[in-house]
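The values are calculated or read from the model by the stated rules, or taken from the named source; none is laboratory data. These numbers come from a predicted model, not from an experiment. Positions of Cβ are generated from backbone atoms using ideal geometry, with glycine treated the same way; all protein chains shown enter the neighbour counts. Note: accessible area is taken over every heavy atom of the protein model, side chains too, but ligands, DNA and RNA are not part of it. Shrake-Rupley method; radii C 1.70, N 1.55, O 1.52, S 1.80 Å.
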Amino acid sequence: MTSVGVLGATGAVGQRFIQLLDGHPEFELSVLTASPESAGKRYREAAKWRLDTPIPEDVAEVEVRDTDPDEIPDDTDLLFSALPSSVGERVEPALCEAGFVVSSNSSNDRAADDVPLVIPEVNADHLDLIDVQRDERGWDGALVKNPNCSTITMVPTLAALRQFGLERVHVSTLQAVSGAGYSGVTSMEIIDNAVPHIGGEEAKMETESRKLLGEFADSEVSWHDASVSASCNRIPTLDGHLENVFVETREEPTPEEVAEAFEDAPTLDLPSAPNQLVHVFEEPDRPQPRLDRMLGGGMAVAAGGIQETDTGIQYNCLAHNTIRGAAGASLLNGELLASEGWV
Ligand code: 11C
């Protein structure tokens, strides 16, 4: 078994990590960290547990530690990070320098030239940037990132459309409240409302998508030159980000060819990878968050409403934002790191 830890274990994404690691066939949870206020408490006291499964018994009594490299046992093979980015930008590089491999969901450093930003089914080859990281930063450890949840929802579909020559992407999102974390929009406080702006989210979708879709060669990633513009909206859904995507391509695929490309999106033989990466619905009013977010255990992407427009193709896509879009994404990157021998 690979010995793993969770940094920032008490928050919305941290709790998902604990849930997804329970009974994992390859990973054994050995250390939990959180903010200094939680350090020293039992996990069941420190975490205000909000998920629909109980806290795993063997985790409930674990003592939460401070997020400091000295607090992490040397024999921890892999650390998952759900730290706030303001903490992650300081702590994660220090942990990598101390020799730990970190698979992080935090938004810090995602755009850095030597940090692999990875969706395993889309750009697993970008992991080789770790060699650059180790050469240039002198780290024994490594830092790998997964993208933002709204980006993960869309990019598997865009990757499937690369064969038609991606030129321009416009996306408008309808994002669940859980994306704001437990300290942000905590419940349905925005019922009977919608918020037409999510700070920084629009820019992240634009940059992260182009990095993920970029080619890796000669020790660097050349970002894809498609233009991506995003409008991000918060709606009163608990979990699951729904997105309306408009794509312009050099070739003119039919909706049937687009559906086929989605259904043929590659999958991987990793414990948390779904059997089918993109599920295509023929019903025009699907996918919907409440009905479809748990496809593939919450690790699949759903698409529907595929149609031609005057300028290209339009469709809707959906993914579970705290599973495929966050903790599950980091977990899958951890499984990829293990399967490729980086841990
Ligand atoms: C939201 N996507 O729904 C955000 C949360 O960059 O990982 C995740 C932010 C990130 O508000």
Shape verdict for segment 206-278, please, from the Cα gyration tensor: rounded (a/c under 1.5), prolate (a/b greater than b/c) or oblate.
rounded
So for the pair Thr53, Ala203, with labels modelled 7 Å out along Cα→Cβ, what separation do we get in nm?
3.7
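For Ser85, Ser178, give the ranking by accessible area with the largest first, probe 1.4 Å.
Working: Ser85 45, Ser178 25 Å².
Final ranking, largest accessible area leading: Ser85, Ser178.
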Can you list the lysines whose alpha carbon sits under 27 Å from that of Lys211, skipping same-chain ones fewer than 8 residues off?
Lys145
Rounded to the nearest 0.05, FRET efficiency between Asp285 and Phe216 (Cβ-Cβ, R0 41 Å) equals 0.60
Selected from Ile235, Cys317, Ala261, residue furthest toward positive end of dipole (segment 149-320; charges at beta carbon)
Ile235
What length, rounded to one decimal in nm, is gained on full extension from Asp75 through to Asp264, with 0.36 nm per residue of separation minus their alpha-carbon distance?
64.1 nm
Protection proxy (average C-beta count within 10 Å per residue), highest first, orders 214-226, 153-165 as 153-165, 214-226
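Mind listing which trypsin sites (Lys or Arg not before Pro) in segment 235-301 are in a DSSP loop and have 13 or fewer other Cβ atoms within 10 Å? Present the calculation step by step, with values, prior to reporting the outcome.
Numbers: sites: Arg250, Arg290, Arg293; in loops: Arg250, Arg293.
Counting only loop positions with at most 13 other Cβ atoms within 10 Å, the trypsin sites (Lys or Arg not before Pro) in segment 235-301 are Arg250.
Per residue, how large is the accessible surface of the chain? Use a 1.4 angstrom probe and give square angstrom.
Accessible area per residue: 42 Å².
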Check: segment 229-343 dipole with +1 on Lys, Arg Cβ and -1 on Asp, Glu Cβ, in debye
760
When only C-alpha pairs under 8 Å and at least 6 residues apart count, what is the relative contact order of segment 1-129, in percent?
24
If the chain between Arg90 and Asp140 were fully stretched, how many nm would it gain, using 0.36 nm times the residue separation less the Cα-Cα distance?
16.3 nm
How would you rank 76-82, 28-34, 131-137, 118-124, highest first, on the average number of other Cβ atoms within 10 Å across their residues?
76-82, 118-124, 28-34, 131-137
Can you tell me which of 39-47, 205-213, 323-331 comes out highest on packing, and rank the rest after it, using the mean Cβ neighbours within 10 Å?
323-331, 205-213, 39-47
